[in-house]
1. Which fully enclosed helices (runs of 4 or more DSSP H) of segment 12-118 have 3 or more residues being surrounded by fewer than 19 Cβ atoms within 10 Å (Cβ to Cβ) and modelled with pLDDT under 95?
2. Given the criterion near the ligand (Cβ under 10 Å from one of its atoms), at positive phi and modelled with pLDDT of 95 or more, identify the matching residue among GLY271, GLY232, GLY224.
3. Looking at segment 50-94 only, could you name the residues that are acidic (Asp, Glu) and under 18 Å from GLU196 (Cβ atoms)?
4. Just checking, does segment 66-84 include any residue being hydrophobic (A, V, I, L, M, F, W, C), in contact with a strand residue (DSSP E or B) (Cβ under 9 Å, 6 or more places away or on another chain) and over 17 Å from GLY121 (Cα atoms)?
5. Do you know which of the residues in segment 149-190 that are acidic (Asp, Glu) and surrounded by fewer than 17 Cβ atoms within 10 Å (Cβ to Cβ) is farthest from the chain's Cα centre (by Cα)?
6. Looking at (1) within 14 Å of the ligand (Cβ to nearest atom); (2) open to solvent by less than 10 Å² (accessible area, probe 1.4 Å); (3) assigned to a loop (DSSP other than H, G, I, E, B), find the lone condition where ALA122 falls short.
7. At least 2 residues that are over 22 Å from the mean Cα position of the chain (by Cα) and surrounded by fewer than 23 Cβ atoms within 10 Å (Cβ to Cβ) in each: list the strands (runs of 3 or more DSSP E) lying fully within segment 234-346 that qualify.
Amino acid sequence: MTAKRIVVAGGAGYIGSHVCVELLQAGRKALVIDNFANSSPVALDRVREIAGGNVELLRADLADPADAERIVSAVTAFRPDGAIHLAGLKAVGESVAEPVRYYAVNLPATFTLIRALEAAGARLLVFSSSATVYGDLNKSPVDETGALGPTNPYGRTKLFIEEMLRDLARADKRWKICNLRYFNPVGAHASGKIGEDPNGLPNNLFPFIAQVAVGRLPKLKVFGADYPTRDGSGVRDYIHVVDLAAGHVAAIDYLAKEASPGAVEFNLGTGRGVSVFEAIAAFKRASNRDIPFEVTARRDGDIAEIYARPDKAEKLLGWRATRTIENMCADHWRWQSANPNGYRDE
Ligand code: WQD
């Protein structure tokens, strides 16, 4: 069986729009549910430009009870084979400042999506989890048996949702679930038409560097150069967003063909660590732009180093990240230089 008709919750976002492109190019049909709280309808126009028109849109808020009935009936009418759940709040620092809002959005959005899928008779779900569930408890490379201990409310919402989905799969064997633990998604589709377009000041390293390179921001703050790493700056497993998106199609197809997989977690990373200073140097080479920076104090909640052991995804999903840090920087730069103000340029 192939999963042909997929609901993509949060499908207009950075990861979601890239997932939609991969789904459409794999011959699937998508129903995007998005409230555009942290995304733009323009992204879906660009998805159609890249991969054609097999993507419908339901503008709704999965976390708003007033939208629930409309969502359930639209999902049922779509006759889905499954869903990819990327809808939620995702800024670590913001979650520390506003924890209740993070629980009040990320968990109810999941409840409504599950309810809609059950109403539609579909029980196949790929969930956007995060390496942040590992916290600082494991020596890298981290595999899926790593200890779980998120250090912020955002990461705790991801872990709580993973646990709820494991309970659901135990209670009802018809459910087939993948929890995909993303490491650090960066880069953009090679066309330069879709990419990361954060609201306000970027929280994450790559969009911040890209905005410095394009002249929107004056300089980067390097949050600490005194970590116990090879050059003192933080080390992360940056993964190209197109590799990440392809991992979602592989996960959907794995669930469609497995009889009773239950809930299975996978690390989606490259298996390689890159430091902040190495990322700056790579972006300078790709953009041929200077990236002024100053070293400041460490950011609260940051860990020194984490990168994946991605072997399980290769073994069971037949998926592995192939794009290099140079590809990530070149593609991120092509998007940023073609869209200096993101989708606001439309
Ligand atoms: C990477 C490195 C910083 C910004 C988080 C979430 C994860 C996912 C990605 C949502 C660290 C350093 C950063 C800056 C810097 N979120 N840095 N100056 O914190 O590894 O992961 O974002 O999906 O779930 O946990 O990503 O890009 O913020 O930081 O020096 O202006 O860059 O200290 O070493 P992080 P990041």
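1. It comes to 92-97.
2. That would be GLY224, the only listed residue that is near the ligand (Cβ under 10 Å from one of its atoms), at positive phi and modelled with pLDDT of 95 or more.
3. GLU94
4. no
5. Across segment 149-190, the extreme among qualifying residues is ASP172.
6. (1)
7. Strands (runs of 3 or more DSSP E) meeting the threshold: 293-296.
Residues checked against (1) among the small types (Gly, Ala, Ser); (2) touching a Ser or Thr at 6+ places or on another chain (Cβ under 6 Å):
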{"position": "GLY247", "(1), (2)": "yes, no"}
{"position": "TYR254", "(1), (2)": "no, no"}
{"position": "ALA263", "(1), (2)": "yes, no"}
{"position": "ALA281", "(1), (2)": "yes, no"}
{"position": "VAL295", "(1), (2)": "no, no"}
{"position": "GLY301", "(1), (2)": "yes, yes"}
{"position": "ASP311", "(1), (2)": "no, no"}
{"position": "GLY318", "(1), (2)": "yes, no"}
{"position": "ALA330", "(1), (2)": "yes, no"}
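The values are calculated or read from the model by the stated rules, or taken from the named source; none is laboratory data. Everything numeric here is computed off the predicted structure, so don't read it as measured data. Every residue, glycine among them, receives a Cβ derived from its backbone with ideal geometry; neighbour counts consider all protein chains shown. Note: areas computed on protein heavy atoms with side chains; ligands, DNA, RNA excluded. Shrake-Rupley method; radii C 1.70, N 1.55, O 1.52, S 1.80 Å.
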